[in-house]
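One structure is given here, and the rest of the page talks about it.
The values are calculated or read from the model by the stated rules, or taken from the named source; none is laboratory data. Keep in mind that what you see is a predicted model, and the values were worked out from it rather than measured. Here the Cβ is made from the backbone with ideal geometry for all residues, glycine too, and neighbour counts use every protein chain on show.
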Amino acid sequence: MPETKKANCLFCSLQCGLGFEIDQGVPVRIEFDAESPLSRGSLCARGHYNQELLLHPRRFLGATINRRRVPWSTATTKIAGRLSEIRSASGPDSVGVVVGTELSNEDYEAAVAFARDVLGTKNIAVAYDGNDYPFLMGGGAGDAEPTDLDDADCFVLIGDVFWGHPCVAKRVIEARHQSRSNAIYTMNPYRTNTDWFADGHITVAPDAEPVALAAILKGMNAQGAPSVPSGKLAEVSDLTQADVASVASSLKEHKKVVVIATSRLGDSTSAYLTAKLARKLAKAAGGKYAPLFRGGNAIGAFGRVGSDVTVPKIMEGVAAGGIKGLLVFGPDVAQLYPGTVSQDDLEKLELLAASAIFENDMTKHGDVGLPQSVWTEYDGTYSASFGQASKIAAVVDPQGDAKPVSAMLEAIAIELAGSLSRTAAAAEHTELEIDVPAALARIGGVGAGIVLVEGTNPLHRWEGTITGRMTFPQRQKPYCELWVGEGTAARLEIESGTSVALSTDRGETRIIATVTDRMPAGLVAVPSYVPDARGLMVWTVNAGTRWYDVSASGASLKAEG
């Protein structure tokens with residue numbers, strides 16, 4: 001008889017509950033989980049991919065050396081031997097370890113112990129997607145709980161919360177309609193699906209959310225509210241002083257305010273300040289703060305892996321030749337951060353070993369590839385938004401030779417040191433030193449010409465490495481699109497549904513244009529889940545945040561004849 005096994009989705013930090021109908025060991029259907037405290041039986045399109053992900057015919061299921069299939073033990077022996085040689089010749093800090101944000105908390109504990117106790121290296125970092133890292137540094141994991149969504153009479157939504165996290169959308173809309181006096185305020189550079197439900201929409205220039213938040217905090221007479229430079233608010237938003245006073249008064253009058261902010265690509269200082277000021281706004285209003293992250297277990301990773309060393313630092317070490325051995329567990333860093341490290345730099349490594357659910361640039365070009373289990377193939381715990389903790393028991397046995405990252409590390413450790421002892425110590429994070437007045441004066445400048453901002457899609461996980469392989473989005477949206485405003489389209493003679501050439505200083509790609517009244521003049525939303533479009537962005541290390549600023553220079557758009 002078929003049975004239902006419960007699990008959680010890791011396509012974002014909500015970790016919505018779901019069920020698998022299992023028939024003779026095979027998942028045949030996704031079920032809804034009405035007992036899930038956050039989603040309450042809801043599931044977005046991405047949540048339904050969890051079944052196909054397990055059974056996908058292109059899963060990476062066998063260990064490889066130079067892309068040739070080998071027994072698992074041969075692969076781990078190769079890694080251990082090469083690591084020993086590198087450490088003996090160049091020291092322990094010549095090795096770097098990078099982990100993704102869909103691993104279990106136990107995987108992170110194993111990775112920290114492996115780097116610290118087995119390798120003796122300080123070079124371990126989390127490959128956060130977008131600006132999850134500065135978002136976490138600025139505002140932490142938040143203090144809101146699922147029940148706060150029921151009790152709230154006012155929401156402040158920063159970013160396209162509904163488009164990226166539909167299960168939260170359902171809860172917020174239900175709460176909004178409990179009373180006529182309830183309200184939703186939104187803040188975005190362009191009009192999104194979230195803004196359809198807003199009682200008040202604040203339009204800001206890209207990355208200028210901190211300026212608007214600081215102005216509202218000042219309007220509320222919040223303690224410690226940063227000052228906004230004269231004229232800056234009018235420069236980067238549609239807010240007048242009267243608007244600020246109105247919003248500030250409304251937030252004071254409501255009894256339970258929940259501020260929800262979602263991470264995105266862009267200026268990392270802006271992301272840090274957005275989270276910091278959003279949390280301060282929630283506190284000033286006597287409410288709760290709920291950040292939403294792109295990485296499914298970004299909160300768990302942040303809680304267990306410190307940030308003395310970040311991915312940009314490791315990538316710089318690879319480029320400079322100081323890092324000679326690199327272990328990557330999960331992410332395709334070449335697609336996640338395009339242009340930050342060259343193929344030549346990767347090929348110069350004395351060891352590049354990578355694990356992945358699907359074969360990617362790391363496993364293709366690496367010396368050793370290891371097949372990685374999906375989160376529903378092994379037992380693990382995870383830390384979610386809204387203060388939730390998920391415990392997933394294996395729904396099915398791992399496919400092929402796939403294994404959890406902790407099992408990979410234990411196998412390598414046995415050959416290097418004899419054992420691996422995990423500890424659950426909390427990670428340490430040094431506070432970022434950001435000059436807030438200077439940052440508020442700088443961010444939000446648009447300038448002339450075409451400005452590219454991130455365009456997301458509810459069918460895709462942010463950088464598209466997994467969701468881009470799923471059947472449903474390929475059928476529903478067989479092509480990717482960029483959004484361009486009506487005024488800009490008219491000026492450039494671009495029609496909706498036609499191919500356009502999008503170029504920056506980093507290259508050029510062809511893409512279908514959708515002309516919409518949602519986009520302000522000069523602003524173009526680019527699908528960040530498409531490698532060719534993502535690769536047009538420039539990823540620059542920000543010394544203040546120790547993370548990447550993502551922007552585009554020399555952007556141009558033209559209709560193809």
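Annotations
- Hey, Ala225 touching a Lys or Arg at 6+ places or on another chain (Cβ under 7 Å) and hydrophobic (A, V, I, L, M, F, W, C) or not: yes
- When Phe155, Phe162 are checked against the criterion of being crowded, with 22+ Cβ neighbours inside 10 Å, closer than 13 Å to Val258 by Cβ and either in the same structural domain as Lys256 (by TED's automatic domain parsing) or within 21 Å of the chain's Cα centre (by Cα) (or both), a single residue qualifies: Phe155.
- Tally, over the stretch 298-328, of residues that are on the phi < 0 side of the Ramachandran plot and free of Cβ contacts under 8 Å to residues at least 60 places away in the same chain: 3
- Residue count, the stretch 98-117 (criterion: buried (at least 24 other Cβ atoms within 10 Å of the Cβ), more than 27 Å from His460 (Cα to Cα) and of a type in the set (A, V, I, L, M)): 3
- Unmet requirement for Ala141, which otherwise passes all of (1) of a type in the set (A, V, I, L, M); (2) closer than 20 Å to Ala413 by Cβ; (3) not in a helix (DSSP H, G or I): (2)
- Those residues of the stretch 176-186 which are buried (at least 20 other Cβ atoms within 10 Å of the Cβ) and out of contact with any Asp or Glu (no Cβ under 6 Å at 6 or more places or on another chain), in sequence order: Tyr185
- Flag for Lys122 being surrounded by fewer than 19 Cβ atoms within 10 Å (Cβ to Cβ), closer than 30 Å to Ile412 by Cα and modelled with pLDDT of 95 or more: yes
- Only one entry in Glu410, Glu347 is surrounded by fewer than 24 Cβ atoms within 10 Å (Cβ to Cβ), modelled with pLDDT under 95 and farther than 23 Å from Tyr49 by Cα, namely Glu347.
- Cβ-Cβ under 8 Å pairs, at least 6 apart or on other chains, the stretch 384-410 side free of Cβ contacts under 8 Å to residues at least 40 places away in the same chain and closer than 13 Å to Asn297 by Cα, far side outside any loop (DSSP other than H, G, I, E, B) and of a type in the set (Val, Ile, Thr): Ala389/Thr381; Lys391/Thr381
- Restricting attention to the stretch 329-344 and to residues that are under 24 Å from Leu103 (Cα atoms) and without any contact (Cβ under 8 Å) to a residue 60 or more places away in the chain, the residue that is surrounded by the most Cβ atoms within 10 Å (Cβ to Cβ) turns out to be Val341.
- Positions within the stretch 59-99 being in contact with a strand residue (DSSP E or B) (Cβ under 9 Å, 6 or more places away or on another chain) and in a loop (DSSP other than H, G, I, E, B), in sequence order: Phe60, Leu61, Gly62, Ala63, Asn66, Arg67, Val70
- Counting only helices (runs of 4 or more DSSP H) that fall entirely inside the stretch 205-310 and contain at least 1 residues that are assigned by TED's automatic domain parsing to the domain that holds Ala141 and surrounded by fewer than 21 Cβ atoms within 10 Å (Cβ to Cβ), the qualifying elements are 209-219, 232-236, 241-253, 268-284.
- Condition check for Ala394: surrounded by fewer than 23 Cβ atoms within 10 Å (Cβ to Cβ), within 22 Å of the chain's Cα centre (by Cα), among the hydrophobic types (A, V, I, L, M, F, W, C) and part of a loop (DSSP other than H, G, I, E, B): no
- Leading residue by the ranking (nearest to Val95 (Cα to Cα)) among those in the stretch 347-368 that are touching a residue at least 60 places away in the same chain (Cβ under 8 Å) and among the small types (Gly, Ala, Ser): Ala353
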